[in-house]
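The values are calculated or read from the model by the stated rules, or taken from the named source; none is laboratory data. Nothing here was measured: the structure is a model prediction, and the numbers come from that model. Cβ placement follows ideal geometry from the backbone for every residue including glycine, while neighbour counts extend to all protein chains displayed. Accessible surface is based on the protein model in full, side chains and every heavy atom, while ligands, DNA and RNA are left aside. Shrake-Rupley method; radii C 1.70, N 1.55, O 1.52, S 1.80 Å.
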Amino acid sequence: MLYGFLSRPAIDFDTEKDIPNLTGKVIAITGGNAGLGAETVLRLAPHNPAHIYILSRNASSTSSTISEVKSQVPTCCPISHVPCDLSSLSSVRDCATELKRRTQRLDIVFLNAGVMLVPPALTEDGYDIQFGTNHLGHFLLSELLLPLLRSTAQLENADVRVVVLSSAGMALCLWWGIDYNTLKKAGSSWSLSGLYRYGQSKLANALFAREFDARYARDGITCVSIHPGVISTGLWSAAFGFASNWGRVADWIKVAGTLIPVMGFEGAESGAKGQLWGAVGRKGDSIGEVKGGEFYTPVGIRGQGTWASMDMGEARKLWEWSAKEVAKYMK
């Protein structure tokens, strides 16, 4: 259950009019080759950033996305691919090394990529595939890019942001927080197990944003987490495909899939607005302003997280656990 009694009205955000001139800014986005990530790149491109780096695993789909964006925005900035497999900590380390080689500044990072309800598996480093991809890979990436973010924040008129794509799906793990006993086990394909693990990974995203901001706001870096809405993207297609292994549960999910228009699923353009607003909206504590550490639902509504997502003790515990797990890749 989400707690909305602290919420404020949604704000209007027009990606054409409300994204400011981004001249000189360098942007990196994980998973910018598809879905909400590709849409985010498309909406940023007309606003004159210096460079957009797409950090993704699939070179072919990334190349196609870059071509498509350039066909729609002929005068857009340079867009480049940097290989990154978030389920591999060594790949994440290599990605960060390459990105730091290519650019002297980094103004906005979108931790956008993720998986949802994939078959139970472990990453090559031995973590639950959803948690390892959605949280731990992003945790390592952000820590490795921290020196670049800090140095950029010292530049004149800098406004450095880290925007984390979380989800209201965090409510799937109810009030229990992170179950550390499950993070190195593949588990079973039972539907609730997959749902719980997805929710747990999205809770981790929100907790990460709170602790990141608490640690690094003093360095001039603002971090928020965003729920994009219920968006029809490839993640749902993958989830429905996985459901074919669930017997009778598959029948229920296939019915749910036919109800997508009724359930209010929206397109990628709508879904990208929240994270775009988080990246460029005016900072502050008033309605329509971006406050560091917060979890936002579309667009710009705060106070909608679960109790667990607001627990700074849990955020610190997760940070300390994550830092220990990735320590050997920080050297």
Just checking, how many residues over region 273-291 are more than 18 Å from Ser167 (Cβ to Cβ) and open to solvent by less than 50 Å² (accessible area, probe 1.4 Å)?
6
Test: residue in region 6-15 that is touching a helix residue (DSSP H, G or I) at 6+ places or on another chain (Cβ under 9 Å), within 29 Å of Asp128 (Cβ to Cβ) and modelled with pLDDT of 95 or more:
no
Subset of region 68-104, residues open to solvent by less than 70 Å² (accessible area, probe 1.4 Å) and of a type in the set (Gly, Ala, Ser), comes to Ser80, Ser87, Ser88, Ser90, Ser91, Ala96
Restricting to region 292-320, count the residues that are open to solvent by 50 Å² or more (accessible area, probe 1.4 Å) and touching a strand residue (DSSP E or B) at 6+ places or on another chain (Cβ under 7 Å).
0
What pairs come up if the first residue lies in region 166-194 and is open to solvent by 50 Å² or more (accessible area, probe 1.4 Å), the second is at pLDDT 90 or above and polar (S, T, N, Q), and their beta carbons are under 9 Å apart, counting only those six or more places apart or on different chains?
Leu172/Gln200; Leu174/Thr306; Trp175/Thr306; Trp176/Gln200; Asp179/Gln200
Please determine, by comparing only the residues of region 109-157 that are under 20 Å from the mean Cα position of the chain (by Cα) and among the hydroxyl-bearing types (Ser, Thr, Tyr), which one is nearest to Arg210 (Cα to Cα).
Ser142
Please go through region 33-49 and pick out each residue that is farther than 23 Å from Leu148 by Cβ and either open to solvent by 40 Å² or more (accessible area, probe 1.4 Å) or not aliphatic (A, V, I, L, M) (or both).
Ala34, Gly35, Glu39, Arg43, Pro46
Which of the residues spanning region 50-67 are without any contact (Cβ under 8 Å) to a residue 40 or more places away in the chain and open to solvent by less than 40 Å² (accessible area, probe 1.4 Å)?
Ile52, Ile54, Ser61, Thr62, Thr65, Ile66
Which count do you get for residues in region 10-32 that are surrounded by 21 or more Cβ atoms within 10 Å (Cβ to Cβ) and more than 22 Å from the chain's Cα centre (by Cα)?
0
Residue that is nearest to the chain's Cα centre (by Cα) [pool: residues in region 33-70 that are part of a helix (DSSP H, G or I) and of a type in the set (D, E, K, R)]:
Glu39
